[in-house]
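*Asks:* Can you keep this structure in mind? I'll have questions shortly.
What follows draws every value from the coordinates through simple rules; no lab data is involved. On a predicted model such as this, the values are computed, not experimentally measured, just so you know. Virtual Cβ from ideal backbone geometry, glycine too; neighbours counted across all protein chains shown.
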Amino acid sequence: MLSISRRQIHTRQRLAIKVLSFDAMDTLIRLRESPATVYSRQAEKMGLQVDESLVKSAFPSAFSRLAHEFPGFGHSSVGAERWWAHLIHAVVQAGAKSPPSKAKLESLSKFLYEYYKDPQHWKPCDEKIPEVLEKLRARKIPLAIISNFDGRLRDLLKSLKMADYFEYIALSGELGHDKPDPRIFQTVIDHFKLATPAELLHIGDHPRKDYEAARNFGAHALLYDPKQTTDDDKNRISDFESIFEFLPVNA
């Protein structure tokens, strides 16, 4: 269900919203298989014995540590490919039944970095997304992406036939600022020459990095929650068609 504040945000948007931005990962697109499953399967093919459950449990802390040590997927330091290599090494070592060789870890990380460039391993989060993007374009609503992702996203979106809908794409891996850092949101304001952040509506699946970050920045926000996992008072949608309930009637 949408929160009781729907009417309030609808009224504000009728007056102010000029640009709509989306998160990418788990909002527009998602993986067909979990990273732990893919990492473990490929590690096994390379002769490494790993426990998939340990790989999965190690992933969040390793990701958070690297995001802190090398912001923006290593934008100003190690670079995206090396950033992901560090993460893959960490989680596979955590799940390995015996210490893997450096050579095998390097081979695995190179394979996986290329693997996730392939659009066949990704799919839209909502089957209605292409239709919704087409409707938004017909309404002439400028669209942007604000995503904690590296540069591979651009080619993925092209392959998935989404890229042309977005006038501006702000990627943390290209800018060096990860959400919830307000600087990544500011690039959208600057690009579209908006008078105030309140002219932006951001949609994403992460309560802190998308919803709260956008609100704290001064923008409007919707939480994309297709499984309806939250029950608090956030403005949220469970499907993309619901976006139109929040847009200006003259858009």
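*Asks:* Explain nothing, just compute: Karplus ³J(HN,Hα) = 6.51 cos²θ - 1.76 cosθ + 1.60, θ = phi - 60°, for every residue of segment 46-62 in order, whole Hz, x for Gly and Pro.
*Replies:* 8, x, 9, 9, 9, 9, 4, 5, 6, 4, 4, 5, 7, 4, x, 5, 5
*Asks:* Still on this structure, please answer the following. Going by alpha carbons, how many degrees (0 to 90, nearest 10) lie between the helix axis of 6-16 and the longest principal axis of the chain?
*Replies:* 80 degrees
*Asks:* Treating the beta-carbon of each Lys and Arg as +1 and of each Asp and Glu as -1, no other charges, what is the dipole magnitude of the chain about its Cα centre, to the nearest 20 debye?
*Replies:* Dipole about the Cα centre, nearest 20: 220 debye.
*Asks:* Give me a comma-separated list of calculated 3J(HN,Hα) values for segment 107-114, in order, Karplus coefficients 6.51, -1.76, 1.60 applied at θ = phi - 60°, integers in Hz, x for any Gly or Pro.
*Replies:* Each residue's phi maps through the Karplus curve to give 4, 5, 5, 5, 4, 5, 4, 6 Hz.
*Asks:* Further, regarding this structure: Mind running the shape call on segment 130-178? Use the C-alpha gyration tensor, a ≥ b ≥ c as the square roots of the eigenvalues: rounded below 1.5 for a/c, prolate if a/b tops b/c, oblate otherwise.
*Replies:* Judged from the Cα gyration tensor, segment 130-178 comes out oblate (a/c at least 1.5, b/c at or above a/b).
*Asks:* While we're looking at this one, here's another question. By DSSP, what percent of the beta bridges with both residues in the chain are antiparallel, rounded to the nearest 5?
*Replies:* Once the DSSP bridges in the chain are tallied, antiparallel ones form about 20 percent.
*Asks:* With θ set to phi - 60°, apply the Karplus curve 6.51 cos²θ - 1.76 cosθ + 1.60 along segment 89-106 and write out the HN-Hα couplings as whole Hz, x wherever there is a Gly or Pro.
*Replies:* Once rounded to whole Hz, the list reads 4, 5, 6, 6, 4, 5, x, 6, 7, 8, x, x, 6, 4, 4, 5, 5, 5.
*Asks:* Still on this structure: Between 0 and 90 degrees, rounded to the nearest ten: what's the tilt of helix 182-192 against the longest Cα principal axis of the chain?
*Replies:* With both axes taken from Cα atoms, the answer is about 50 degrees.
*Asks:* Further question on the same structure: Give me the orientation-averaged projected area of the Cα convex hull of segment 35-118, in nm², one decimal.
*Replies:* 5.1 nm²
*Asks:* Placing +1 at every Lys and Arg Cβ and -1 at every Asp and Glu Cβ, with all other atoms neutral, what dipole size does segment 35-118 have around its Cα centre, in debye to the nearest 20?
*Replies:* 120 debye
*Asks:* For Ile169, which sequence-distant residues (separation of 5 or more, or a different chain) have an amide H within less than 5 Å of its own amide H, given hydrogens modelled in the peptide plane?
*Replies:* Under 5 Å from the amide H of Ile169 lie the amide H atoms of Ile145, each far enough along the sequence or on another chain.
*Asks:* In a Debye calculation with equal point scatterers on the alpha-carbon sites of the chain and no solvent, what is log10 I(q)/I(0) at q = 0.09, 0.14 Å⁻¹?
*Replies:* -0.42, -0.95
*Asks:* Can I ask one more? Quick query: amide H of Gly204 versus all other amide H atoms, modeled in the peptide plane; which residues come in under 5 Å with a sequence gap of 5 or more or a different chain?
*Replies:* The answer is Asp23, Leu222, Tyr224.
*Asks:* Okay, next question. Between Ser76 and Ser34, what FRET efficiency comes out of the Förster formula 1/(1 + (r/R0)^6) with R0 = 35 Å and r the beta carbon distance, rounded to 0.05?
*Replies:* 0.75
*Asks:* Check which residues have an amide H placed less than 5 Å from Lys18's amide H, if you skip close sequence neighbours.
*Replies:* When sequence neighbours closer than 5 places are left aside, the close amide H contacts are Leu200, Leu201.
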